Amino acid sequence: MSLIQALFYMMSFIALASALFVAATKNLVRSIFMFFVTLFALAGLYVLALADFVAITQIVIYVGGILVLILFAFMLSGKETLNIIAQQRGKFISINKVAAFLLAGLFLLVLLNTFFKVDANHLGWITGSVRANNVITSTSAMTENIGVNLMTKYLLPFEAISILLMVALIGAAHLSRKGEKQ
């Protein structure tokens, strides 16, 4: 086993274990911080896949933006709401969750079938691309081109999205503040 494979298995285990913890825990604070670990493990998997721009985007947008937004939503939510969520008790398996378990079992069967029947080292579309010399190699110019295009050709949509996100954040803060209900 090479170092890359060992790192892949380690990052995959961390991502899966932390994602399962996020889904299974009742404590919202621990769930949010384990979600942080999950997102960083996914960024590590992107780095191993030579998708450096996607890894940086994962960290900046999801860890730096979405996770902070979730933390603010948690901190701004009322104590009554958190107490109601904490008091909800239910069995892990109940009749209300049968459809979700069936769907999860179906996805698990598809994943296991794919895992055992597909030889990832000899996929047809990859070998065909290699034979046709239609392969993009990883260079630093790829990320540089994305940055240059983002700040020149696509500056207006980039700024429009940033203003839209700022308006959404202000709206979320306005909706979450306490006041008289009308």
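The values are calculated or read from the model by the stated rules, or taken from the named source; none is laboratory data. This is a predicted model, so every value here is computed, not measured. Positions of Cβ are generated from backbone atoms using ideal geometry, with glycine treated the same way; all protein chains shown enter the neighbour counts.
Side notes on the structure shown:
- Matching residues in the range 4-16 - criterion: being over 9 Å from A41 (Cβ atoms) and surrounded by 14 or more Cβ atoms within 10 Å (Cβ to Cβ): L7, F8
- Unmet requirement for N149, which otherwise passes all of (1) part of a helix (DSSP H, G or I); (2) closer than 30 Å to L16 by Cβ: (2)
- Residues satisfying the stated conditions in the range 9-48, i.e. at pLDDT 90 or above and over 17 Å from the mean Cα position of the chain (by Cα): Y9, M10
- Test: residue in the range 124-140 that is within 26 Å of V47 (Cα to Cα) and in contact (Cβ under 8 Å) with a residue 12 or more places away in the chain: yes
- Any chance S94 is within 30 Å of F21 (Cβ to Cβ), polar (S, T, N, Q), at pLDDT below 85 and in contact with a helix residue (DSSP H, G or I) (Cβ under 6 Å, 6 or more places away or on another chain): no
- Across the range 104-119, not a single residue is classified as modelled with pLDDT of 85 or more, in a loop (DSSP other than H, G, I, E, B) and over 29 Å from F35 (Cα atoms).
- Where helices (runs of 4 or more DSSP H) fall entirely within the range 23-82, those with at least 2 residues that are outside the structural domain of A141 (by TED's automatic domain parsing) and within 28 Å of A100 (Cα to Cα) are at 28-48, 67-76.
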